[in-house]
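The values are calculated or read from the model by the stated rules, or taken from the named source; none is laboratory data. Remember, it's a predicted structure, so these values are computed and weren't measured experimentally. Note that each Cβ is placed from the backbone with ideal geometry, even for glycine, and that neighbours are counted across all protein chains shown.
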Amino acid sequence: MFLKHDLTAEPDAQSLLRAAEAAVRALPPAFPLDATVAVNPFLGQVQESLAQASARLARVAGVRVTQARADLVAQVQAGRIGDEDLAAALAASALPGKPESLGDLRARMHASSPEPRALPTLAHLVERVTGCDWPALIARSLGLWAAGHFDRGQALWTPRPGRGAYAAWVEWATHDLTPEIAGLRGFCAQVAEAPDTAERAILRASARLGIGAEAAETCFHRLLVDLGGWAMHGRWQLWQAELAGETLPVMTELLAIRLIWEEALLAHCPEVAGDWRAVVAEHGAGLDPSSDQVLDVILQGAAERAHQRRLASVLSGPLPSVGRPALQAAFCIDVRSEVLRRALETRDPGIETLGFAGFFGLPLAHRPGGTDALQAHLPALLSPALVSTSHGPDEASDRIAARASRAWGRFRQAAVSSFAFVEAAGPAYGVKLLRDGLGLGGAPLPAGPHPRFETALSAAQKARTAAAVLRAMSLTEGHARVVLLVGHGAGMTNNPQESAYHCGACCGQTGEVSARLLAGLLNDPETRAGLPALGLALPEDTLFVAGLHDTVTDRVQLYRDRPAPDHEADLQRAEAWLAKAGGIARAERARRLPGPGPDRRARDWAEQRPEWGLAGCSAFIAAPRSVTRGRDLQGRAFLHSYDWRKDKDFATLELILTAPVVVASWISLQYHGSSVAPQLFGGGNKLIHNVVGGIGVIEGNGGTLRPGLPVQALHDGAAPQHEALRLSVFVEAPRDAMTQVIRRHPGLGHLVGKGWLHLFALEEGRVVARHLGERADPENSWEMT
Amino acid sequence: MENLPLPALAPLILAVAAWGLMRRPGRRPGALPLVAEIAGLASLTLGLAGLGQLVLRGPLELAPFGIALMRLDAISGALSVLVGFTGWIVLRFARRAMDGEAREGRFHALTLAAIASVMVVIQAANLPLVLAGFVALALVLRQLLLFYPERPEAQRAAAKFIRVWAAGDVALAMAIGLLGLGTGTVEIAGLNRVAELEGAAVPGLWLLALAAVLKTASFPLHGWLTEVMEAPTPVSALLHAGIIAAGGFMLISLAGLVQQSPGVMAALVILGGFTALFGALVMLTQSAVKTALAWSTVAQMGFMLLQCGLGLWALALLHILAHALYKAHAFLASGGAVQTVAAQRKPGPVAVPGLRAVAQSFGLALGLYLVVATGFAVLAGEKSPQALALGAMLIFGVSYLIAQGMADAAPGALTRRTLAASFAAALAYFGFQVLAEMLWGPVLPPAPQVGALEGALIVLAVLSFGLVAFAQALFPLWAHHPSTAGLRVHLANGLYLNALLDRLIGGFRSPMKS
């Protein structure tokens, strides 16, 4: 045995690697676009307050985390934010350097807030000296490599698969002459001599760049931010690995790659060493929010309080309920359901709607037709426990057809054969141009084949699953003859971000599979037989029917998977109600979206704004529907049905606070991040999007991946369509029970305790208390309102 | 005015619409985007009416005061319909896609102006008017590439474009002077009638060819085309569908003149053939959909130049038409690439054909070629050696399709399907070629007699295309071998020609900061 001196085991090295790990965790994951879900872009900062995050992200990315000062002040001047909101937000702030009084706040807010500037990287410093645009060059060169490395099947000739990012990049960069042509002499040779592991590369670069442990975290964070969406995609790979109980070194490898560039640039231009030392010193300084950042956070809080004030005035107590409902319809909690639910309820006083996360409690991994691969159909926070499939009797021939069309696709793409392709098939594209130009392609969102469980479920398991879902939905008594389970999806054409409009609770798929499987399960005689033993009695004549709400057109398609002649009249009546309600919802939503009607938008391949998605989302209400029924919540509220009186030991409350509330806050923070920091967390301009690797988009020729919401999803061109407000969560439940749940779950504790969402308690449908958030102490977490 | 070719009115209508939109350059200019689309539809209608005129009355020329301005013949007629059609589709797409942009009206005005300029280029009856069209096009396109002027990448792309394009215009201007000096005419019809190429006309023709290859993004100055994705999607569609082929179209219009010089023809074969293979290989390595499409255009335009050089003028024109339709659709539909990739992953791993399967598929393809070519020879008459060689090159491509179904792991049903698709593809392109010869053959010169030079070039072309096709079919066997990793890196970078051009023109410098 040789004793090998391991550099990475030294204490300094340990703290540097810990800082690297912290920097890795500071970035949010970006899901690939084929099945994307909203992620809180501040996921790495939830243990900090908004003010601290604002200091950190200003340093590493040059972005703000609140609405622009001028926009907030304009709201004060317009009277939308009142003095009471300003005073309350000021009083709630415990930040040093805050204005002393309301007068002081009002006096200081008119000064403009300085634009945050990120600390420069070495690439920026060298650019200033040499005039060569190294940041752009690194983005272009790394982007070209990363596009190939992360490619999932766009290019025919991808790099050798199965290798880590670091090894793959070293091989690439030893051959890539672009940096040398741009003037970085000897770069290939320097890369060839790079350390054999990413960790050693990080340590060597830190030593050469003089990055000590105290400066390392934000310094590394700064460099990872420079890689933009590529790093966030790497973070997603790590996320997936960790969900499966494994780990992946991709993020430290990306950091090492970027550090090798910095090393080379310092060697290329040693005269920036002095400036660089100053930058490192700034990285080592504490992260205290500036007085301007404090002021912006207070104004942001005031805007949220103004919004909460208006919401509280809408919540004025529950409506009395009627006898057995004529129809029950469960929708996803998605804010787009709120409009349709409200419209549907106006059709008949006997119609009752419910809200529940659109995966309807089934933790599915689904195998769609034509493939052996599994798709997750559940919130990104959870791991699947059930397997289902849509494979039918034609699976084998479908597979052959898919493979033949893939062979044709490769014929189109390959060298030499592409010439034959153009001469043989090019003229046919004239017909395709006409068809797509006139929007005559097939209807989006066609109904899929009947899904079924692959996991064999015993009668007892079926009953237990069904009972758990019904309890979680607070749907334990008073069932109507027909209960609709309505998932949602968005039909659109030629839109790379399509999955972002689908159901977030189904991991960016539509809710069709989940709704149809649950309806089948609840109608299954074996399930029904086992329910009474679990304390749940369903009427004999209750039929569950799955449906899909197309959120672009507000049309609902019902899946009549089971013949039900006795219910034919009920179903026809339900379909008529849904059709009417769809018309009302379309009219209401069209007011926000001028231009052609939704049916045309769905089919138009040029459409950049098929609908507004969840833009505008700002509130989450968990309460019986009677609390919100008849209230116009403007399609801005997530509505979860919950009756705490039926919730023994508050297990459902715990589920709601830790899953749907967290998911909703992620969605709202994604819109927040894409609105206030579009250069870091926004998806850019759809008109110059260039889909890359099947995973995401870049803008124009190349550069970094652009995750997040594109401009067109947030802005109609003339005015923004999302007001960046942290989510206000209203729960009708005993305050002590909520406090207990928050204590048990640190992740939720951070969201509430650090003010990433506002939590309110309802009693009898009225707001009675606000969680103190940062000011909460073990004795007292609530203030009465 | 009864000799007025109706498509000649299209540029006027488009220009008037452009003028109207320029007056409301901002966001949501009322019904004007609809007006833009209607202007596009009107120019398509005029193009179709031109075809009617052509059938009823034969070729026409607009020649006020004896100066030939605009022409209508089988070639310009077909192109007018193509540009009218793709122009209309692009304007229609842009009407919806650009809704709400801060400079929405300006975008439509520039798009209309670009289509109008192309319409002038393809219908012009004399070279100075062609040049005028090209110059106008350059100015308009530069503005379109700078539609987001704050983007440094857009500035770099526009800088490259304008330099290469302007060099082409300078070459064309000099060509016009020399050709006029040497032949006494600058009218297209007159130039095609020149019997003997001599004096100043010889360098004039070389400069004309140079202008054409610069404007078709030929190697080594192809780089600008691969960066124009900085402009909104409709611009890419328009550029790759119509504008990029204008240089090749100019050559086809002057086929009678160009064919006078075996040297120019040989140069077109060599440069076009090389560009075709080079672009196609780079395309394989590109992971961004629009970038891959742009490299594909470089390759396809190279192939078109190769066809010109072989004297297969009608086929080159067919290639322009077919490629324009395909590429316009591919760009406009590029947002669907996420789903396309997902669909390709669904059926699991691709069955990899081995050496034997590839050899078999080449044999089958050549057999197929024999059958189809004999069939068409019986129906449509003998083919020139050049046409036979081109057919062989194309059949090499089809063999790739066959090979995918011949892999050991491929089920029989898949083999049958790919074979059927291969047969359909072979029939379709030979059918289209017969059609092209019927439509345009009569107005274009036949392929030149094959001498030693031509023969050598044909053999070289067939061999190199065959080699690349063979390598492509065996691709999965070597693409991930460590020894080819370096080759992949160099190709992915387009052999650094863009980086070198950047270095030359200061493209790596920091953008001017305001």
Please tell me if A:SER388 is at pLDDT 90 or above and more than 14 Å from chain B (Cβ to nearest Cβ). yes
Residues that are touching an Asp or Glu at 6+ places or on another chain (Cβ under 7 Å), farther than 26 Å from B:GLY348 by Cβ, among the polar types (S, T, N, Q) and modelled with pLDDT of 90 or more: does the stretch B:448-468 have at least one? no
Checklist (1) farther than 30 Å from A:VAL272 by Cβ; (2) outside any loop (DSSP other than H, G, I, E, B); (3) among the aliphatic types (A, V, I, L, M) applied to A:VAL129, failing item: (1)
Given (1) of a type in the set (Gly, Ala, Ser); (2) surrounded by fewer than 21 Cβ atoms within 10 Å (Cβ to Cβ); (3) more than 14 Å from every other protein chain (Cβ to nearest Cβ), A:GLY409 misses just (3)
Scan the stretch B:336-343 and give yes if some residue there is more than 8 Å from chain A (Cβ to nearest Cβ) and surrounded by 24 or more Cβ atoms within 10 Å (Cβ to Cβ), otherwise no. no
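A quick yes/no check of all residues on (1) within 15 Å of the chain's Cα centre (by Cα); (2) of a type in the set (Gly, Ala, Ser); (3) away from chain B (no Cβ under 14 Å):
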| residue | (1), (2), (3) |
| --- | --- |
| A:PHE650 | no, no, yes |
| A:ALA659 | yes, yes, yes |
| A:SER675 | yes, yes, yes |
| A:LEU687 | no, no, no |
| A:GLY693 | no, yes, no |
| A:GLY700 | no, yes, no |
| A:GLN712 | no, no, no |
In the stretch B:217-237, is there at least one residue being outside any loop (DSSP other than H, G, I, E, B), of a type in the set (Gly, Ala, Ser), within 25 Å of A:LEU687 (Cα to Cα) and within 10 Å of chain A (Cβ to nearest Cβ)? yes
Residues in the stretch A:138-148: is at least one within 9 Å of chain B (Cβ to nearest Cβ), assigned to a loop (DSSP other than H, G, I, E, B) and at pLDDT below 95? no
If you scan the stretch A:95-118, which residues turn out to be of a type in the set (A, V, I, L, M, F, W, C) and under 30 Å from the mean Cα position of the chain (by Cα)? A:LEU95, A:ALA118
Residue satisfying condition, being outside the structural domain of A:ILE351 (by TED's automatic domain parsing) and free of Cβ contacts under 8 Å to residues at least 60 places away in the same chain, within set A:ARG645, A:ARG625: A:ARG645
Qualifying positions in the stretch A:150-207 - within 14 Å of chain B (Cβ to nearest Cβ), over 23 Å from A:VAL692 (Cα atoms) and of a type in the set (Lys, Arg): A:ARG185
Any chance the stretch B:396-403 includes a residue that's more than 13 Å from chain A (Cβ to nearest Cβ), modelled with pLDDT under 90 and over 23 Å from the mean Cα position of the chain (by Cα)? no
With respect to B:ALA267, determine if the residue is more than 12 Å from chain A (Cβ to nearest Cβ), within 14 Å of the chain's Cα centre (by Cα) and either farther than 19 Å from A:GLY426 by Cβ or modelled with pLDDT under 95 (or both). no
Scanning the stretch B:466-504 residue by residue, the ones that are surrounded by 15 or more Cβ atoms within 10 Å (Cβ to Cβ) and assigned to a loop (DSSP other than H, G, I, E, B) total 4
Note on the stretch A:510-548: residues in a loop (DSSP other than H, G, I, E, B) and of a type in the set (D, E, K, R) are A:ASP524, A:GLU540, A:ASP541
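The rows are residues; the columns are (1) over 26 Å from the mean Cα position of the chain (by Cα); (2) touching a residue at least 24 places away in the same chain (Cβ under 8 Å).
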residue: B:LEU41; (1), (2): no, yes
residue: B:THR45; (1), (2): no, yes
residue: B:ALA49; (1), (2): no, yes
residue: B:LEU54; (1), (2): no, no
residue: B:PHE65; (1), (2): yes, no
Would you pick out the residues in the stretch A:682-710 that are of a type in the set (Val, Ile, Thr) and assigned to a loop (DSSP other than H, G, I, E, B)? A:ILE695, A:THR704
Consider A:ALA373 against the criteria (1) part of a strand (DSSP E or B); (2) out of contact with any Ser or Thr (no Cβ under 9 Å at 6 or more places or on another chain): it satisfies all of them except one. Which criterion is unmet? (1)
Of all residues in the stretch A:408-456, which are touching a residue at least 12 places away in the same chain (Cβ under 8 Å) and more than 23 Å from B:HIS323 (Cα to Cα)? A:ALA443, A:PRO444, A:LEU445, A:ALA447, A:GLY448, A:PRO449, A:HIS450, A:PRO451, A:ARG452, A:PHE453, A:GLU454, A:THR455
Single condition B:GLY507 does not satisfy, out of (1) surrounded by fewer than 21 Cβ atoms within 10 Å (Cβ to Cβ); (2) in a loop (DSSP other than H, G, I, E, B); (3) touching a residue at least 24 places away in the same chain (Cβ under 8 Å): (1)
Which condition number does A:GLU568 fail, the rest of (1) in contact (Cβ under 8 Å) with a residue 60 or more places away in the chain; (2) closer than 28 Å to A:PRO349 by Cα; (3) more than 14 Å from chain B (Cβ to nearest Cβ) being met? (1)
State all residues of the stretch A:685-738 that are of a type in the set (Asp, Glu) and without any contact (Cβ under 8 Å) to a residue 24 or more places away in the chain; if no residue qualifies, say none. A:GLU699, A:ASP736
Taking the conditions exactly as written (of a type in the set (S, T, N, Q) and either more than 13 Å from every other protein chain (Cβ to nearest Cβ) or out of contact with any helix residue (DSSP H, G or I) (no Cβ under 9 Å at 6 or more places or on another chain) (or both)), does B:SER287 satisfy them or not? no
Considering B:LEU325, B:LEU305, which residue is assigned to a helix (DSSP H, G or I) and more than 10 Å from every other protein chain (Cβ to nearest Cβ)? B:LEU305
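Yes/no per residue for (1) within 30 Å of B:ALA410 (Cβ to Cβ); (2) away from chain B (no Cβ under 13 Å); (3) among the aliphatic types (A, V, I, L, M):
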{"position": "A:ALA402", "(1), (2), (3)": "yes, no, yes"}
{"position": "A:PHE419", "(1), (2), (3)": "yes, no, no"}
{"position": "A:GLY430", "(1), (2), (3)": "no, no, no"}
{"position": "A:GLY439", "(1), (2), (3)": "no, no, no"}
{"position": "A:ALA456", "(1), (2), (3)": "no, yes, yes"}
Would you pick out the residues in the stretch A:150-169 that are of a type outside the set (Gly, Ala, Ser), part of a helix (DSSP H, G or I) and surrounded by fewer than 24 Cβ atoms within 10 Å (Cβ to Cβ)? none
Given the condition exposed (fewer than 15 other Cβ atoms within 10 Å of the Cβ), more than 30 Å from A:HIS124 (Cβ to Cβ) and not assigned by TED's automatic domain parsing to the domain that holds A:LEU378, answer yes or no: does some residue in the stretch A:19-40 qualify? no
